[in-house]
Amino acid sequence: MRLLITAGPTREYLDDVRYLSNASSGRMGYAIADAALAAGWDVVLVSGPVDLAPPVGCEFHSVVTTQQMRDTCLQLFPGCDGVIAAAAVCDYRPRERITGKLSKTGGPVTIEMIETDDVLAELGQIKEQRWVVGFALEAQNPRENALQKLRRKNCDWIVLNGPAAIGADTNDVELLAPSGDAVAHWTGTKKDIADQLITWLSAQT
Ligand code: CTP
């Protein structure tokens, strides 16, 4: 089994020194990489900037922006059997990246933001026989929203978690199938959840 994993946040630059991002630690994605390696899988890890060392034994690709994550994943996915998209990708980016440093104007500034590419949705579109697992971080109507996301992004399964997962050591997740059924419910450290996800996928794929 050769598994592609996305992990960590992405950054979207406003100018050469400022960026928009989020508080993702990358721990969930890295724990999944560790669990898959321990199960004897080949792991290809595409990661945004985090304070974690790449797991020993994985093929590691460091990226910064969403565009870089997308381009790297599209290139690597055809050589893999499946993908787990644990990255907290920036959904928007400034329309323009200013060269140098934006100076103060003495008044308010307006930044026009446009949507970034959806890495998982693009992988879902080209998946053919490969399997695709997404993550959904939902604050309201969690199951309904996660299921819509699963379908929109052509996932085989989606891991549903809440905002408490961001930056935390532990997590509480449900695994949803396209039917809408919760096929698993796991709580514990991110390592426990990663181990259970890989064990579960080993039995399915
Ligand atoms: N994802 C992605 N590329 C994006 C946005 C999200 O690959 N540009 C992936 C994430 O890695 C995750 C899944 O899509 O596996 C869902 O991410 P989430 O942030 O919950 O959903 P969004 O599609 O961003 O929708 P919203 O923010 O409106 O809930």
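Inside segment 18-74, residues that are more than 16 Å from the chain's Cα centre (by Cα), within 15 Å of the ligand (Cβ to nearest atom) and in a helix (DSSP H, G or I) make up a count of 0. The set of residues in segment 13-30 that are at pLDDT 95 or above and open to solvent by 20 Å² or more (accessible area, probe 1.4 Å) comprises Tyr13, Leu14, Asp16, Val17, Arg18, Tyr19, Leu20, Ser21.
Considering only segment 132-141, I want to know if a residue exists there that is at pLDDT below 95 and of a type in the set (A, V, I, L, M, F, W, C). Yes, segment 132-141 contains a residue that is at pLDDT below 95 and of a type in the set (A, V, I, L, M, F, W, C). With respect to the stated conditions, Leu147 is assigned to a helix (DSSP H, G or I) and either in contact with a strand residue (DSSP E or B) (Cβ under 7 Å, 6 or more places away or on another chain) or at pLDDT below 95 (or both).
Restricting to segment 156-192, give me the number of residues that are of a type in the set (Val, Ile, Thr) and closer than 19 Å to Leu4 by Cβ.
Residues in segment 156-192 being of a type in the set (Val, Ile, Thr) and closer than 19 Å to Leu4 by Cβ: 2 in total.
A search for C-beta distances below 7 Å between a residue of segment 181-199 that is open to solvent by 60 Å² or more (accessible area, probe 1.4 Å) and any residue that is of a type in the set (D, E, K, R) and at pLDDT below 95, counting only pairs 6+ apart in sequence or on different chains, returns Thr187/Asp172.
Part of a loop (DSSP other than H, G, I, E, B) and surrounded by 13 or more Cβ atoms within 10 Å (Cβ to Cβ): is that true of Ile84 in this structure? Please lay out each step first, then the result.
Working: part of a loop (DSSP other than H, G, I, E, B): no; surrounded by 13 or more Cβ atoms within 10 Å (Cβ to Cβ): yes.
Criteria not met by Ile84.
Could you tell me whether segment 90-99 includes any residue that is modelled with pLDDT of 95 or more and open to solvent by less than 30 Å² (accessible area, probe 1.4 Å)? Within segment 90-99 (the criterion being modelled with pLDDT of 95 or more and open to solvent by less than 30 Å² (accessible area, probe 1.4 Å)), the answer is yes, since at least one residue qualifies.
Restricting attention to segment 109-131, the residues being modelled with pLDDT of 95 or more and in a loop (DSSP other than H, G, I, E, B) number 9.
Among the residues of segment 151-172, those identified as open to solvent by less than 40 Å² (accessible area, probe 1.4 Å), farther than 27 Å from Ile126 by Cα and either touching a strand residue (DSSP E or B) at 6+ places or on another chain (Cβ under 6 Å) or without any contact (Cβ under 8 Å) to a residue 24 or more places away in the chain (or both) are Ala165, Ala168, Asn171. Against the list (1) open to solvent by 20 Å² or more (accessible area, probe 1.4 Å); (2) over 15 Å from the mean Cα position of the chain (by Cα); (3) on the phi < 0 side of the Ramachandran plot, the condition Asp117 fails is (2).
The values are calculated or read from the model by the stated rules, or taken from the named source; none is laboratory data. In this text, all values refer to a predicted model and were calculated from it rather than measured experimentally. Neighbour counts run over all protein chains shown; Cβ positions are idealised from the backbone, glycine included. The protein model used for the area step is the full one, side chains on, heavy atoms only, and it has no ligands, DNA or RNA in it. Shrake-Rupley method; radii C 1.70, N 1.55, O 1.52, S 1.80 Å.
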